[in-house]
1. Ignoring everything but the protein chains, give the 1.4 Å probe accessible area of R130 in square angstrom, nearest 10.
2. Arranged from highest to lowest average of other beta-carbon atoms within 10 Å per residue, in what order do the peptides 131-140, 41-50 appear?
3. Looking only at A141, A85, A160, which one moves most when the chain is put into a Gaussian network model with springs between Cα atoms under 10 Å?
4. Mind checking the per residue accessible area of the chain for me, 1.4 Å probe, whole number of Å²?
5. Taking the alpha-carbon centroid of each part, what is the distance from region 110-170 to region 40-55 in angstrom?
6. Kindly sort S171, S62 by accessible area of their heavy atoms, largest first, with the probe set to 1.4 Å.
7. Treat region 90-190 as a sphere of radius equal to its Kirkwood radius over Cα pairs and apply Stokes-Einstein at 20 °C in a medium of 1.002 mPa s; give the translational diffusion coefficient in µm²/s, rounded to a whole number.
8. Using θ = phi - 60° and the Karplus relation 6.51 cos²θ - 1.76 cosθ + 1.60, list the HN-Hα couplings for region 59-75 in order, rounded to whole Hz, with x at every Gly or Pro.
Amino acid sequence: MAPNQLILASASPRRIELLEQIGVTPSLVIHADIDEIPQKAERPGEFAERMALAKASKVSNSNTDKYVLAADTVVAIGRNIFPKAETKDDVREFLKQLGGRNHRVYGGICLIQPGGAVWQRLVETRVFMRRLSNDEISSYADCDDWIGKAGGYAIQGKAAKYIKRISGSYSNVVGLDLYTTSKLLRGVGF
């Protein structure tokens, strides 16, 4: 086994870019196609952790000699989980609910070591989005920033102008908390 081979179990180009910021380049990127539907009464943080574990486990099952890193991002108000936006109507509805309120972004992180040891972390960031006019919501829905994004917005894109402040990790809202990930990788000797 080549030392320190890392597979990123993700379809997100943002996670690759984030890892590169801390000097980590995955040997391989594999999309873990899993069922991403919350279970009844599942809390948002539990859902984020379960999804990260499911992604990492699926990829690790056929790559037991490598490190496998997976993450999942969940946007929520209370127990209400906002899925990835699929249509402009989704975006409009999500932004109407998120605008003028604060919400939480949960980042589930899972690392599976060669040999099968599992390490998980949960990161929580509070995001304060200002109230948006119908014109602003329509304008944002007409751009491509929201495609495939949890909660229907990308903080690193055009939606940045709607964010009053955050409390917690910015990189978590983008898709992967870099501090926690770096600490986790260092802790297992990667």
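1. 80 Å²
2. Values: 131-140: 14.3, 41-50: 18.7.
Final packing ranking: 41-50, 131-140.
3. A160
4. Details: 9360 Å² over 190 residues.
I get 49 Å² per residue for the chain.
5. Cα centres, region 110-170 to region 40-55: 17 Å.
6. My answer, sorted largest first, is S62, S171.
7. On the way: Rh = 14.8 Å.
It comes out at roughly 144 µm²/s.
8. My calculation for region 59-75 gives 6, 5, 3, 10, 9, 5, 9, 10, 6, 10, 10, 9, 8, 9, 10, 10, 9 Hz in order.
The values are calculated or read from the model by the stated rules, or taken from the named source; none is laboratory data. Predicted, not measured: the structure shown is a model, and the values here were computed from it. Don't worry about glycine lacking a Cβ; one is built from the backbone with ideal geometry, like all the others, and counts go over all protein chains shown. Note: areas computed on protein heavy atoms with side chains; ligands, DNA, RNA excluded. Shrake-Rupley method; radii C 1.70, N 1.55, O 1.52, S 1.80 Å.
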